[in-house]
Amino acid sequence: MKIKYKKISDFVYDCTVCKTSCDGVSKGVYNFMNDVEFSEKYENFIIDKINKNNKFVASKCEKDGYPDIIIRNKQTNKISYYLEIKVQRRTFMSVTKILPEANLKPSETLALNLSDLLRYFEIQKKTQVPTSILWILMNRPCIVDENNIMFFYQKTHVLEQIYQKYNTKRKFRRKSGKGDVVDGVHKGVVVNYHFSLSELIQWL
């Protein structure tokens, strides 16, 4: 089946005329543990959703460094997919200014930890198991529906093609902030890679 992507104009919104525009101010304080707990809530939601399907069964992946969810064929128990879940509650308001060659606008921009992204590329090559990343988009009135939530996903091999096209033009390192360090270990994400919603597929 041929995938039909939405036009980029479907997701690009003029922030200068928005009546509920995002503040564009860096948080400064990054509550890593809170973000983890919040993401786990939606991991469970996605697992429950998949398990209502008669063909697949999903569960949390216990392998260190692997995507969040492992999906198996119900009949054969063979691994069918890996799925990583990323919840996005803020956008990159300065993306046009800071990454002028990224070909991105704030309304369409989603981020992913660069080290995770590169690791998932390698995992798919190593395991030959189809791997996808699912972004859960929230708090972006110009894009989300009346439920204030939308889901977008893409296969890692497609994301790798985009990565190869733009290379460092979509990479950004933020300053470390309060909350990044947990028990003496820096766990907060500081280097992100960015994608356009128009490069992803809407789900649900």
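The values are calculated or read from the model by the stated rules, or taken from the named source; none is laboratory data. Please read these numbers as outputs of a predicted model, since none were measured by experiment. Note: ideal-geometry Cβ built from the backbone for every residue, glycine included; neighbour counts use all protein chains shown. Ligands, DNA and RNA are excluded from the accessible area calculation, which covers all protein heavy atoms including side chains. Shrake-Rupley method; radii C 1.70, N 1.55, O 1.52, S 1.80 Å.
Could you calculate the FRET efficiency of LYS52 with GLN128 from 1/(1 + (r/R0)^6), where r is the beta carbon distance between them and R0 is 30 Å, rounded to 0.05? Could the numbers behind the result be given before it?
Working: r = 27 Å, r/R0 = 0.91.
Rounded to the nearest 0.05, the efficiency is 0.65.
So what's the projected area for the range 42-178, the Cα convex hull averaged over all directions, in nm²? Before the final figure, lay out each step's value.
On the way: hull surface 39.4 nm².
Computing the convex hull of the Cα atoms and averaging its projections yields 9.9 nm².
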Rounded percent of accessible protein surface that carbon and sulfur make up, the range 99-143, 1.4 Å probe: 51
Counted charge near ALA102, where neighbours are those whose Cβ lies closer than 10 Å (Asp, Glu -1; Lys, Arg +1): +3
Label-to-label distance, nm, for residues given as ASN77 and VAL158 (7 Å Cα→Cβ offset): 3.2
